[in-house]
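Coordinate-derived values only; no laboratory data. The shown structure was predicted, so the numbers you read here are calculated from the model rather than taken from an experiment. Positions of Cβ are generated from backbone atoms using ideal geometry, with glycine treated the same way; all protein chains shown enter the neighbour counts.
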Amino acid sequence: MRALQYIDEVWPGECPLLPSDPFARAQARFWADYVDKKIYELGRKIWATTKGEEQEAAKKGLIECFKLLEAELGEGPYFGGSSLGFVDVTLVPFYSWFYAYETAGNFSIEAECPKLVSWAKRCLERESVSKSLQDQEKIHGFVQEVKKRFGIE
């Protein structure tokens, strides 16, 4: 996240990641920090724990986080407006993990948060995003290997 802020400040260019308005910039930083602190940890708990109460709590927490982010997205194509920005760039890499979360937790993110999945697919239409993300099947395979290696399940 710090690297993104650095890039945005050093090379503002035509498509800045952070808004110029101080309040909007603070909001973007807040939501990016939220993603950074919540999504990884809850997602990891879904696939790295055995089925049971801890996994169910993580699944419920992740869905709640995604619903909150979906509400923040609103009706716009991207977080914060009409162009890809800081929150989008912070959150979109987790899309590669959705299949692993769904498979391990036996749920559908699209059924729970359809607008968020539509947003992720819209982000993937951008070549800069699609070329930088890992395939969901590869991530799922990695998760299966880790689970096997550590005897999880």
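Go ahead and run the numbers for FRET between THR103 and SER82, Cβ-Cβ distance against an R0 of 35 Å, rounding to 0.05. Computed FRET efficiency for THR103 and SER82: 0.55. Applying 1/(1 + (r/R0)^6) with r as the Cβ-Cβ distance of ALA26 and ASP135 and R0 = 25 angstrom yields a FRET efficiency of 0.10. Computed packing ranks the peptides 83-96, 128-141, 25-38 as 83-96, 25-38, 128-141, most packed first, by mean other Cβ atoms within 10 Å.
Along the stretch 30-47 the Karplus relation, 6.51 cos²θ - 1.76 cosθ + 1.60 evaluated at θ = phi - 60°, assigns HN-Hα couplings of 4, 5, 5, 5, 4, 4, 4, 8, 9, 5, 4, 5, 5, x, 4, 5, 5, 8 Hz to successive residues, with x for each Gly and Pro. Using only the C-alpha atoms, the convex hull of the stretch 1-91 corresponds to 94 Å³ per residue.
Going by a ≥ b ≥ c, the root eigenvalues of the Cα gyration tensor, does the stretch 72-115 fall in the rounded group (a/c under 1.5), the prolate group (a/b larger than b/c) or the oblate group? Oblate is the answer for the stretch 72-115, as a/c is 1.5 or above yet b/c matches or exceeds a/b. Across the stretch 105-115, computed HN-Hα scalar couplings (Karplus, 6.51 cos²θ - 1.76 cosθ + 1.60, θ = phi - 60°) run x, 6, 8, 10, 5, 5, 5, 7, 9, x, 5 Hz from first to last residue, x flagging Gly and Pro. Annotation: aspartates and glutamates with alpha-carbon distance below 17 angstrom to LYS131 (same-chain offsets under eight excluded): ASP88. How big is D, in µm² s⁻¹, for the stretch 32-153 by Stokes-Einstein at 4 °C and 1.567 mPa s if Rh is the Kirkwood radius over C-alpha pairs? The Stokes-Einstein estimate is 88 µm²/s. Under 26 Å Cα-Cα from LYS147, which lysines qualify once same-chain neighbours fewer than 8 residues away are excluded? Cα-Cα hits under 26 Å: LYS37, LYS38, LYS45, LYS51, LYS59, LYS60, LYS138. The slack between SER128 and ASP36, meaning 0.36 nm per residue of separation minus the straight C-alpha distance, is 31.0 nm. Only helices enter the 222 nm calculation for the chain: every DSSP H run of n ≥ 4 contributes -39,500 (n - 2.57), and dividing by all residues gives -21000 deg cm²/dmol, rounded to 500.
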